[in-house]
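Below: one structure, written as structure tokens.
The values are calculated or read from the model by the stated rules, or taken from the named source; none is laboratory data. All figures in this text were calculated on a predicted structure; none of them were measured in a lab. Every residue, glycine as well, gets a Cβ built from its backbone with ideal geometry; the counts of neighbours run over all protein chains shown. Only protein heavy atoms, including side chains, enter the accessible area calculation; ligands, DNA and RNA are left aside. Shrake-Rupley method; radii C 1.70, N 1.55, O 1.52, S 1.80 Å.
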Number of protein chains: 2
Amino acid sequence: MTLHRVIVVGAGLVGTSVALALRAENVEVFINDRDPRRIELAADLGAGTAAPDLTRLAELTETPVDIAVLAVPPVEVVSVLMASQRRHLAESFSDVTSIKSQPQADAKLQGADLARFVGGHPLAGRERAGPEAARGDLFLGRPWVLTPTADTGRVALAAVTELVQLCGAQPLVLSPEEHDEAVALVSHLPQAVASLLAARLRDIGQDTVDLAGQGFRDLTRIADSDPQLWGQIAAGNAHRLSSTLRALATDLLALADRLDDPHAAAAAFEAVVAAGNAGRLRLPGKHGAAREVFTAVPVVLADEPGTLARLLVDAGGAGVNVEDLSLEHSPGAPVGLCELLVRPEQAEVLATVLRARGWAVHHSGAH
Amino acid sequence: MTLHRVIVVGAGLVGTSVALALRAENVEVFINDRDPRRIELAADLGAGTAAPDLTRLAELTETPVDIAVLAVPPVEVVSVLMASQRRHLAESFSDVTSIKSQPQADAKLQGADLARFVGGHPLAGRERAGPEAARGDLFLGRPWVLTPTADTGRVALAAVTELVQLCGAQPLVLSPEEHDEAVALVSHLPQAVASLLAARLRDIGQDTVDLAGQGFRDLTRIADSDPQLWGQIAAGNAHRLSSTLRALATDLLALADRLDDPHAAAAAFEAVVAAGNAGRLRLPGKHGAAREVFTAVPVVLADEPGTLARLLVDAGGAGVNVEDLSLEHSPGAPVGLCELLVRPEQAEVLATVLRARGWAVHHSGAH
């Protein structure tokens with residue numbers, strides 16, 4: 001290991017998670033934030049040594065640290081990079097924001113030392129923000145895009161790549177433009193769609209709202225995200241995002257036209273759903289493996305403390321590995337449905353064992 | 001109880017689930033389907049008595065049954081209703097399809113006895129289809145829309161309302177037009193959006209696909225749905241659906257225009273995300289209550305049989321009711337993160353107890 005000391009500037013969800021991950025690998029970590037309470041919380045969580053005053057960091061470190069991770073909001077990345085480089089905080093610098101082209105262009109314009117900088121973006125996050133939501137395993141197995149350019153120095157790229165690997169993530173090198181194009185589609189467009197759909201709920205009657213089922217909830221879950229952060233992200237990738245929005249609008253209008261033709265409507269919608277089926281098959285599955293198809297063993301549970309635990313103890317007793325599970329609660333009902341997802345060949349034995357132990361198993365078995 | 005005998009025509013997910021729910025309430029149920037294997041499976045599941053030949057149903061029942069539930073695909077509802085009424089299968093008739101106006105208008109044109117018919121639509125479903133996915137609790141606490149009109153008789157409405165209540169659902173009376181307007185927004189539009197988004201994955205590089213995270217997955221989960229069924233649904237509500245598609249396209253284009261204006265971009269996107277936050281707050285929560293905010297206690301688990309069971313046993317030992325839980329697996333990682341959702345006042349005690357038992361609890365506590 002060549003990485004010994006890192007400073008994280010910005011003790012939010014991502015910065016604190018990076019710090020926790022590095023601490024677990026025995027890297028010395030210093031934590032800075034504009035807000036002293038966030039520094040304190042992050043330090044309490046074991047994320048490293050509080051470094052509230054960057055002008056005095058040299059007293060703590062004597063020499064520049066290996067990497068400064070700038071985990072600040074998109075609009076602050078360039079100014080924090082310039083200030084950090086002026087102070088010689090670190091040998092190398094990286095950021096973690098979800099837009100790459102524009103900040104790197106701005107940094108170049110402002111005369112940043114880009115040989116020492118590698119743009120980075122870990123594809124990991126949560127709807128919740130702040131150091132209290134941080135987890136050292138946030139990046140485990142997730143892609144972490146690095147966007148070196150012709151300006152990037154070899155030392156900086158090697159150091160930041162090592163940091164990514166220490167966090168347990170998979171480094172993925174893309175150009176800043178490729179990165180921004182990709183996230184416009186898989187991240188920024190879905191955010192816009194989820195928010196626009198959820199916003200519709202404001203203006204309709206409660207009867208209609210009550211008809212919204214799990215599908216609508218899933219589709220709008222990310223609509224709970226932080227407006228201010230997303231305003232910055234969208235503005236930083238505005239032209240690519242507006243292109244994807246227009247492309248989706250074109251798709252929607254084309255489908256609307258075909259729905260208005262009684263002879264074309266059914267086939268057109270069927271084709272769209274079939275295309276969606278095909279697209280979904282390309283998503284990677286659990287543990288990075290090709291998508292595995294598990295069999296669901298549904299069990300109806302009383303909504304009482306300990307019920308689920310007893311169920312899983314009994315499942316464990318059957319020697320079956322529960323790969324995943326989902327809990328559904330019907331509104332107003334005192335029972336819930338738990339679906340245990342297991343390998344297909346284990347479903348029958350699990351159902352049999354659970355039934356023998358008195359569980360209300362709804363698995364129909366092989367027919 | 002005045003409901004004694006019901007025939008379910010169509011032993012798919014919904015029909016078989018209705019039959020199971022009614023059997024649990026000691027209603028006598030007959031099951032019919034074009035496919036004898038589905039009848040057999042439904043009967044094996046305890047959904048009632050096989051009635052493979054409707055022309056001979058009289059031999060089984062002597063007199064018409066109370067209600068015939070027509071759980072057939074949208075395009076077959078009217079013809080099955082006409083045939084069932086010609087045979088005097090039942091005193092009253094209802095269907096379960098997710099479009100209401102057009103079939104009712106068609107039935108009227110074809111001279112159906114609409115005094116004996118009440119359109120119905122249980123807002124419950126799954127991505128999986130067929131009797132093997134059926135559950136007697138599918139409708140528990142869910143809304144079940146009924147769409148009586150001026151033609152509907154009192155006896156039919158009372159009977160079908162009782163059936164809905166026996167299935168554990170909440171009857172909700174809307175006009176056929178109100179119903180179709182509502183589902184265009186909360187069900188058909190999300191299906192179109194999810195499918196169109198997922199379809200984009202077909203044409204992009206694997207690098208981009210790999211960047212898709214949980215948000216994209218959630219948004220496209222229902223894109224796994226059945227193309228043929230959805231073609232029929234969309235065609236049956238084509239004009240309302242095309243209007244909602246155009247309205248969303250208008251929203252997308254308006255947002256795209258504002259993103260193209262550097263002075264407006266951030267504020268515009270921020271406003272959209274804030275509007276989505278507000279819309280989400282209107283969704284009903286668990287058990288039909290106002291949305292409760294639970295606190296997540298994150299625990300890192302080894303991905304081994306029995307681990308989750310041991311965790312939940314220890315949580316139960318703390319006397320804490322786990323309201324919900326989610327499991328996340330990082331691709332490529334041998335560990336997963338389990339989030340136990342509990343009432344806020346119980347989070348600290350749960351975290352403390354679990355830590356004392358050696359679990360890797362990542363809950364930060366109160367600060």
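How large is Rg/Rh for the stretch A:125-219, to two decimals, with Cα atoms and a Kirkwood Rh? Intermediate results must be reported in sequence, preceding the final value.
Working: Rg = 19.0 Å, Rh = 16.7 Å.
Across the stretch A:125-219, the Cα-based Rg/Rh ratio is 1.14.
Proximity of backbone amide H atoms, modeled 1.01 Å from N, is registered between residue B:49 and B:29, B:30, B:31 at under 5 Å, excluding neighbours fewer than 5 places apart on the same chain.
If you take all other residues with their beta carbon under 9 Å from the beta carbon of residue A:264, and give Lys and Arg +1 and Asp and Glu -1, the sum is -2. Dimensions of the stretch A:80-163 based on its C-alpha atoms, expressed as ranges along the principal axes with the largest first, amount to 35, 23, 22 Å. Ranking B:61, B:101, B:254 by how far each Cα lies toward the positive end of the dipole of chain B (charges on Cβ) leaves B:61 at the top. Using only the C-alpha atoms, the convex hull of the stretch B:173-287 corresponds to 162 Å³ per residue.
Hey, got the dipole for the stretch B:1-100? About the Cα centre, +1 on K and R Cβ, -1 on D and E Cβ, debye to the nearest 20? Intermediate results must be reported in sequence, preceding the final value.
Details: 9 positive and 13 negative charges, 45 e Å.
With Lys and Arg at +1 and Asp and Glu at -1, about 220 debye.
Across peptide B:221-234, the average count of Cβ atoms from other chains found within 10 Å of a residue's Cβ is 6.
Shown in residue order for the stretch B:345-355 are the 3J(HN,Hα) couplings computed by the Karplus curve 6.51 cos²θ - 1.76 cosθ + 1.60 at θ = phi - 60°: 6, 9, 5, 5, 5, 4, 4, 5, 5, 5, 4 Hz (x for Gly and Pro). Dividing the mean sequence gap of close Cα pairs (under 8 Å, 6+ apart) by how many residues chain B holds gives a relative contact order of 12 percent.
Computed over Cα pairs, the Kirkwood radius of chain A leads via Stokes-Einstein (1.002 mPa s, 20 °C) to a diffusion coefficient of 90 µm² per second. Sorted from nearest, the other copies put their residue A:203 label points 3.0 nm away, the label point being 7 Å from Cα in the direction of Cβ. The largest accessible area among B:147, B:208, A:352 belongs to the first residue in A:352, B:208, B:147, and the rest follow in falling order (1.4 Å probe, all chains). Shown in residue order for the stretch A:228-244 are the 3J(HN,Hα) couplings computed by the Karplus curve 6.51 cos²θ - 1.76 cosθ + 1.60 at θ = phi - 60°: 5, 4, 5, x, 5, 4, 5, 5, x, 10, 4, 6, 5, 5, 5, 5, 5 Hz (x for Gly and Pro).
Gyration tensor over the Cα atoms of the stretch B:119-160: the corresponding equivalent ellipsoid has semi-axes (square roots of 5 times the eigenvalues, largest first) of 26, 10, 10 Å. Please say if the stretch B:28-156 is rounded, prolate or oblate, where rounded means a/c under 1.5 for a ≥ b ≥ c the square roots of the C-alpha gyration tensor eigenvalues, and otherwise the choice is prolate for a/b larger than b/c and oblate otherwise? Oblate is the answer for the stretch B:28-156, as a/c is 1.5 or above yet b/c matches or exceeds a/b.
Report note on the peptides A:20-26, A:260-266: ranked by the mean count of other C-beta atoms within 10 Å, highest first, their order is A:20-26, A:260-266. When both bridge partners sit in the protein assembly as shown, DSSP labels roughly 50% of those beta bridges antiparallel.
Against chain A, whose longest principal axis comes from its Cα atoms, helix A:13-24 is set at around 80 degrees. Take the Cβ atoms of residue B:355 and residue A:149, set R0 to 56 Å, and the FRET efficiency comes out at 0.80. Just the protein heavy atoms count here, and of the accessible area of the stretch A:114-233 at 1.4 Å, carbon and sulfur take up 50 percent. The residues A:243, A:326, sorted by heavy-atom accessible surface at 1.4 Å with ligands and nucleic acids left out, run A:243, A:326 from largest to smallest.
Semi-axis lengths, largest first, of the ellipsoid equivalent to the stretch B:168-233 are 31, 13, 10 Å, with √(5λ) applied to each eigenvalue of the Cα gyration tensor. Mean residue ellipticity, 222 nm, helices only, chain A: the sum of -39500 (n - 2.57) across DSSP H runs of n ≥ 4, divided by residue count and rounded to 500, is -13500 deg cm²/dmol.
Equivalent ellipsoid of the stretch B:1-64: semi-axes from √(5λ) of the C-alpha gyration tensor, largest first, are 16, 16, 8 Å. Position residue B:360: other-copy label points at 3.7 nm, ordered by increasing distance, label point 7 Å along Cα→C-beta. The modelled label-to-label distance for the pair residue A:128/residue B:25, using points 7 Å beyond Cα in the direction of Cβ, is 4.0 nm.
Residue order by solvent-accessible surface for A:97, A:149 is A:149, A:97, largest first, with ligands and nucleic acids left out and a 1.4 Å probe. For the peptide B:262-269, the mean number of other protein chain Cβ atoms found within 10 angstrom of a residue's Cβ is 6. Probing with 1.4 Å while keeping every protein chain in the model, the per residue accessible area of the protein assembly as shown equals 39 Å². Each DSSP beta bridge with both residues in the stretch A:51-146 is either parallel or antiparallel, and the antiparallel ones are about 30%.
Place a +1 charge on the Cβ of each Lys and Arg in chain A and a -1 charge on the Cβ of each Asp and Glu, then give the dipole magnitude about the Cα centre in debye, rounded to the nearest 20.
On the way: 31 positive and 45 negative charges, 67 e Å.
Magnitude of the dipole: close to 320 debye.
Computed from phi, the 3J(HN,Hα) profile of the stretch B:145-153 under the Karplus parametrisation 6.51, -1.76, 1.60 (θ = phi - 60°) reads 6, 10, 10, x, 10, 4, 6, 6, x Hz, with x in place of Gly and Pro.
Each copy carries a label point for residue B:217 at 7 Å from Cα along the beta-carbon vector; from one copy to the others these points are 1.8 nm apart, nearest first. Averaging the Cα positions of each part gives two centres, and for the stretch A:102-131 and the stretch B:21-72 these lie 64 Å apart. Among residues other than residue A:182 with Cβ under 14 Å from its Cβ, the summed charge is -3 (Lys and Arg +1, Asp and Glu -1).
Could you work out the per residue convex hull volume over the alpha carbons of the protein assembly as shown, in cubic angstrom?
Working: hull volume 108.9 nm³, N = 734.
Spelled out: Cα convex hull of the protein assembly as shown, divided by residues, is 148 Å³.
In this label model, residue A:88 and residue B:35 are separated by 7.5 nm, measuring between points 7 Å along each Cα→Cβ vector. Dividing the convex hull volume of the alpha-carbon atoms in the stretch A:32-85 by its residue count gives 89 Å³ per residue.
Of the residues A:323, A:132, A:59, the one that moves most in a GNM of chain A with alpha-carbon contacts below 10 Å is A:323. For the stretch B:234-276 versus the stretch A:191-268, the inter-centroid distance based on Cα atoms is 7 Å.
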